[in-house]
Amino acid sequence: MVIELSWPQVSARRLQRAGLGASAGQADAGATPSGPEAEGATPEAVVAAMCGAHAQVMSAAEASIGLRLDGVTRAHVREALWSERSLVKTHGPRGTVHVLPARDLPMWVSAMSSVPPGHNAFPEYIRMTAEQADQVVAAIREVLTGAEMTIDELSDAVVAATGPWAGELVMPAFQTMWPRWRQVMHVAAHRGAFVFGPVRGRKVTYTAAPDAPPVRDGLLGLVRSYLWAYGPATPEQFAQWAGGPVRWAAGAFKGMELEEVLFEGKRAWVLAGDTAVPEDRPRGVRLLPYFDAYVVAGRPRELLYPGAAAARALAGGQAGNFPVLLVDGDVSGVWHQRRSGNKIDITVEPLRDLTPAQLRELDEQVERVGEVMEGRPRLTIGPVKVGPHA
């Protein structure tokens, strides 16, 4: 018998495991011992349960983590990153910047470095050969050993170690030109050559990845973590989330003990035996910041973004470009925050009528955002006039 699962059941399960269920503050990992463990309320445990926190906008990553943990602020997240080093900042799925648990970095390096090279859209004169890419990765690994460098310092060191070709300003980027070697920076991170270091003034730094024994089957571990957090899912959905080809993802799925289910009438997979769902329907009001892992990984989009939410809160079908209001498991609005000193003006645009109880929960969420971001929040309910984040 193939188990049939509905959207409310799957939504409640995902919310609970993401630390976004009715009892906020704990990422429940009790459903399966093979999933990411959230042993205790720590930033590291929650980030593991999320399969990484998107950190292209660092303040959004701090909010994503803090809103899942009672009493945690952005200061605690920064301490975990730069003092305790229980978290690391590096390039994760789709080559985008993520915060990951330091203990899981070998798994991520093994998994991400197994992604086959994709189509190179750069013209021939910009591209690098496989040999040149290997030289750059090796140079980054060598020059950052025992060092912390800004991007300019790192660029000078890489060019000195490889050759003038690496420093040629041929890459169009942000209305300027970058040196050739930077097109493989995410590849170097995926191979474990570096992680981000502490900010120096206003400048980002890079440093060597922490020493750890290599992992050989990291892709299987990543699929396991992903399915625990965001299953039921398909190889196609995993490939979209991870940034790899479907054939690569399908091969990983075939190498694991999985169970087929019917999710809203369509075939999908979970870890073998991991079919339990909460008894209660999803409930609660949550504010999720830019690129929160829950909405980026959440598929099918038409279930998570029902009705008007798809047109208002997605950007060309892409999730995360708007901070979203989550009501009873569904995207039900967008929001925006504007900071001035320690004052945080939060505007929420609901796409549905909120009950008095839900409005009280929204007030609590706004207060929690203020606590996490260490500011004094003020709520306005009305239209959000800010467009999507690029």
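The values are calculated or read from the model by the stated rules, or taken from the named source; none is laboratory data. Computed from a predicted model, the values in this text were never measured in an experiment. So basically every Cβ, Gly included, is an ideal-geometry build from the backbone, and we count neighbours across all protein chains shown.
Just wondering, is there one or more residues in region 29-49 that are assigned to a loop (DSSP other than H, G, I, E, B), modelled with pLDDT under 95, polar (S, T, N, Q) and more than 22 Å from GLY221 (Cα to Cα)?
No: zero hits.
Yes/no matrix, rows are residues, columns are (1) of a type in the set (S, T, N, Q); (2) assigned to a helix (DSSP H, G or I); (3) buried (at least 22 other Cβ atoms within 10 Å of the Cβ):
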{"position": "VAL261", "(1), (2), (3)": "no, no, no"}
{"position": "THR275", "(1), (2), (3)": "yes, no, no"}
{"position": "ARG281", "(1), (2), (3)": "no, no, no"}
{"position": "ARG286", "(1), (2), (3)": "no, no, yes"}
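Each row is one residue, and each column tells you yes or no for (1) outside the structural domain of PRO106 (by TED's automatic domain parsing); (2) at pLDDT below 95; (3) over 20 Å from CYS51 (Cα atoms).
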| site | (1), (2), (3) |
| --- | --- |
| VAL158 | yes, no, yes |
| THR162 | yes, no, yes |
| GLY167 | yes, no, yes |
| GLN175 | yes, yes, yes |
| GLY197 | yes, no, yes |
| GLY221 | no, no, no |
| SER225 | no, no, no |
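Residue under question is ARG247, and the condition is that it be in a helix (DSSP H, G or I), surrounded by fewer than 22 Cβ atoms within 10 Å (Cβ to Cβ) and not assigned by TED's automatic domain parsing to the domain that holds HIS186; does it hold?
Values: in a helix (DSSP H, G or I): yes; surrounded by fewer than 22 Cβ atoms within 10 Å (Cβ to Cβ): yes; not assigned by TED's automatic domain parsing to the domain that holds HIS186: yes.
In short, yes.
Scan region 139-159 and tell me whether some residue there is crowded, with 18+ Cβ neighbours inside 10 Å and in contact with a His (Cβ under 9 Å, 6 or more places away or on another chain). Give the derivation first.
The first filter runs over region 139-159 and keeps only residues crowded, with 18+ Cβ neighbours inside 10 Å, leaving 139-140, 143-144, 149, 154, 158-159.
Filter again for in contact with a His (Cβ under 9 Å, 6 or more places away or on another chain), leaving none.
Looking through region 139-159, none of the residues is crowded, with 18+ Cβ neighbours inside 10 Å and in contact with a His (Cβ under 9 Å, 6 or more places away or on another chain).
Pairs only if they're at least six apart or on different chains, beta carbon under 6 angstrom, first in region 332-345 and at negative phi, second hydroxyl-bearing (Ser, Thr, Tyr); list them, first residue then second.
HIS336/THR347
From the list TYR294, TYR290, exactly one residue is assigned to a loop (DSSP other than H, G, I, E, B), touching a Ser or Thr at 6+ places or on another chain (Cβ under 9 Å) and aromatic (Phe, Trp, Tyr). Which is it?
Numbers: TYR294 fails: assigned to a loop (DSSP other than H, G, I, E, B).
Just one listed residue meets the conditions, TYR290.
If the requirement is being at pLDDT 95 or above and closer than 27 Å to PRO235 by Cβ, which of these qualifies: ALA138, ALA121, ALA111? Break it down stepwise before answering.
Working: ALA138 fails: closer than 27 Å to PRO235 by Cβ; ALA121 fails: at pLDDT 95 or above.
The unique qualifying residue is ALA111.
Quick check, is ARG283 modelled with pLDDT under 95 and under 27 Å from THR355 (Cα atoms)?
Spelling it out, ARG283 is indeed modelled with pLDDT under 95 and under 27 Å from THR355 (Cα atoms).
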